[in-house]
Amino acid sequence: MKKNLGNYVLAGMLIGTVLGIVGGLWMGDFFLQIKFIGTMFLNSLKMVVIPLIVASMIVGVTSLGDVRRLGPTAGKTLLYYLVTTGFSVLIGIILVNILKPGEGVESLGGFVPEIVEQSRQKSLIDVLIGLIPSNIIDSMAQGKVLPLIVFSLLFGGVLTTIGEKGKPVIAFFEGLNLAIMKLVNLIILFAPLGVFALIGSIVAENRESVDQLVSSLGLYALTVMLGLLVHASVVLPLILKYFGQRAVLPYLRNMGQPLATAFTTASSSATLPITMEAVEEKNHVDGRVSSFVLPLGATINMDGTALYEAVAALFIAQIYGIDLGIGQQIVIFLTATLASIGAAGIPHAGTVTMVFVLQAVGLPLEGIGLIWAVDWFLDRCRTTVNVWGDSIGAAVIARTKQFR
Ligand code: ASP
């Protein structure tokens, strides 16, 4: 996308987001009527995300040439994911212990939200089983990204081992990848209007909970937001600067579109097409790396989600007057990290996988009902940090010598 046009679109998205938030509070009915425009925008992103993931992962793996070179890249990528997620959980745990947002909050008689209830029976073993698609068409239809990533990695890997016969297939996926990115460029033009309608209608639908955001749940929301802010504006930029050797502000500016999209859609997966465009075309990160690091990161690298899960679990413990010792806080550290990995890049996924965290330390699931009212907002904040963390990961991994 031309630079000037890109700047206009970014400005439009930021204005759209602000106007949407303010307008959603004051002119709710209008926004409920134009919600369909936001849904159309969201659908257009979802339309490209599955073919994009499959094509870009296959192209990413095959462009490494020899599949054995995937090992070190994958290793560094996973190390980056784990270290940054660990940092963010730690920040969350420290803050919630200092600010103690749950003390003095009355348990308002929680309920268990339905999507959380449905996953009550799921164990971590189920998450593992879910990694292997029993039917890739079904995974595509249901938008299950992780099994598709597993398939694409394997498929791309074997394509490189069949010599000449594999070349036309690789060329096909390269073409597909390019064409999808062109489509993404078109969709971005529609983004200012899309985010305006989307955020406005979400705010309008959740107007009543705004009271809770500023009163009983205010300190909790503030703790999550403060943690996210520290992680996103201190930890991640330092990593970008020292390990990615990139100037932080220009990198951030170029990420404006995906970050605004993440905030409005609350979905790392739906944002992925725009993230890839910005990281590759604006921040000029090696496409061989970003096409591997970003799709994987959108579903398993969630710094914001991990931080939120740890804060929320400890907040719930505080409300119920349950004193968690250091041992149990370590359990929360580990399970929040795992639960963020297991969460899909879709709205509220982190709240659903929080079941693992609460169960691990014996906290009541009803606690989730207490924080549910403000989750629509915190979800957006943490998704933005998730996408920021992925994009920095791409720059950091791309800098490693392997690709020079
Ligand atoms: N909505 C988040 C994401 O897509 C996941 C979560 O619920 O924390 O990144």
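The values are calculated or read from the model by the stated rules, or taken from the named source; none is laboratory data. Predicted model, so just to flag it, every value in this text is computed and none were measured. In this analysis, Cβ positions are derived from the backbone assuming ideal geometry, glycine residues included, and neighbour counts consider all displayed protein chains. Areas reflect the complete protein model, heavy atoms only, side chains present, ligands, DNA and RNA absent. Shrake-Rupley method; radii C 1.70, N 1.55, O 1.52, S 1.80 Å.
Counting only protein heavy atoms and a 1.4 Å probe, tell me what percentage of the range 175-246's accessible area is made up of carbon and sulfur.
73
How do 146-157, 289-300, 28-39, 126-137 rank on mean C-beta neighbours within 10 Å, highest first?
Top of the packing list down: 289-300, 146-157, 28-39, 126-137.
Per residue, how many Å² of accessible area does the range 144-232 show with a 1.4 Å probe?
That works out to 47 Å² for each residue.
Can you tell me the accessible area per residue over the range 323-404, all protein chains present, probe 1.4 angstrom, in square angstrom?
Heavy-atom accessible area per residue stands at 32 Å².
Among 316-324, 330-338, 165-173, how do they line up by average Cβ neighbours within 10 Å per residue, starting with the highest?
In descending order of packing, they fall as 330-338, 316-324, 165-173.
In nm, to one decimal, how far is the modelled label at Ser215 from the one at Leu186, with both set 7 Å along Cα→Cβ?
Computed distance between label sites Ser215 and Leu186 equals 4.9 nm.
Remind me, relative contact order of the chain in percent, using alpha carbon pairs under 8 angstrom and six or more residues apart?
Normalised by residue count, the contact order of the chain is 32 percent.
What distance in nm lies between label points placed 7 Å from Cα along the C-beta direction at Glu174 and Asn7?
Those two pseudo-labels are separated by 3.4 nm.
So if R0 is 56 Å, what FRET efficiency would Leu19 and Glu164 give, r being the distance between their Cβ atoms, rounded to the nearest 0.05?
Step by step, r from the Cβ atoms, then E = 0.50.
Report the calculated FRET efficiency for Ala74 and Tyr320 (r = Cβ-Cβ distance, R0 = 56 Å), to the nearest 0.05.
It comes to 0.85.
Based only on the alpha carbon positions, what is the Kirkwood hydrodynamic radius of the range 1-45, in angstrom?
Numbers: mean 1/r = 0.0847 Å⁻¹.
With all distinct Cα pairs of the range 1-45 included, I get 11.8 Å.
Most fluctuating residue of Ser56, Ser215, Ser267 in a GNM of the chain with Cα springs under 10 Å: which is it?
Taking springs between Cα atoms under 10 Å, the residue moving most is Ser215.
Take every Cα pair under 8 Å in the range 221-379 that's 6+ residues apart, average their separations, divide by the length, and report that relative contact order as a whole percent. Please report the intermediate quantities before stating the final value.
Values: 152 pairs, mean separation 36.9, N = 159.
Computed value for the range 221-379: 23 percent relative contact order.
Counting only protein heavy atoms, what percent of the accessible surface of the range 1-107 is carbon or sulfur at a 1.4 Å probe?
That share works out to 71 percent.
Keeping the other protein chains in place, figure out the carbon and sulfur percent of the accessible area of the range 265-404, with a 1.4 Å probe.
Working: 2160 of 3530 Å².
On the range 265-404, the fraction of accessible area on carbon and sulfur atoms equals 61 percent.
Counting pairs of alpha carbon atoms under 8 Å apart in space and at least six apart in sequence, what relative contact order in percent does the range 285-369 give?
Normalised by residue count, the contact order of the range 285-369 is 34 percent.
With the Cα gyration tensor of the range 42-109 giving a ≥ b ≥ c as the square roots of its eigenvalues, does the rule (a/c under 1.5 for rounded; else a/b larger than b/c for prolate; else oblate) give rounded, prolate or oblate?
Here the range 42-109 falls in the oblate category.
Among all the aspartates and glutamates, which ones have a C-alpha under 18 Å from Lys144's C-alpha, if same-chain residues fewer than 8 places away are not counted?
Asp126
Say the dipole of the chain comes from +1 at the beta carbon of Lys and Arg and -1 at that of Asp and Glu; which of Gly389, Thr400, Phe87 then lies farthest toward its positive end?
Going by the Cα projections, it comes out as Thr400.
Distance from the Cα centre of the range 2-45 to that of the range 332-404, in angstrom?
Computed from Cα coordinates, the inter-centre distance equals 25 Å.
At 7 Å along Cα-to-Cβ for each site, give me the label-to-label distance between Asp138 and Trp26 in nm.
About 5.1 nm separates the two model spin labels.
Could you tell me the extents of the chain's C-alpha atoms along the three principal axes, largest first, rounded to whole Å?
67, 48, 42
At 222 nm, what value in deg cm²/dmol follows for the chain if DSSP H runs of at least 4 each add -39500 (n - 2.57) and the sum is divided by all its residues, to the nearest 500?
-24000 deg cm²/dmol
What is the distance in Å between the Cα centroid of the range 138-155 and that of the range 256-302?
18
If you build a Gaussian network model of the chain, linking Cα atoms that sit under 10 Å apart, which residue out of Thr160, Thr383, Thr351 swings the most?
Taking springs between Cα atoms under 10 Å, the residue moving most is Thr160.
Under the Kirkwood approximation for Rh and a Cα-based Rg, what ratio Rg/Rh is obtained for the range 282-404?
1.07
In whole Å, how far is the Cα centre of the range 181-210 from that of the range 67-95?
Using only Cα atoms, the two centres lie 30 Å from each other.
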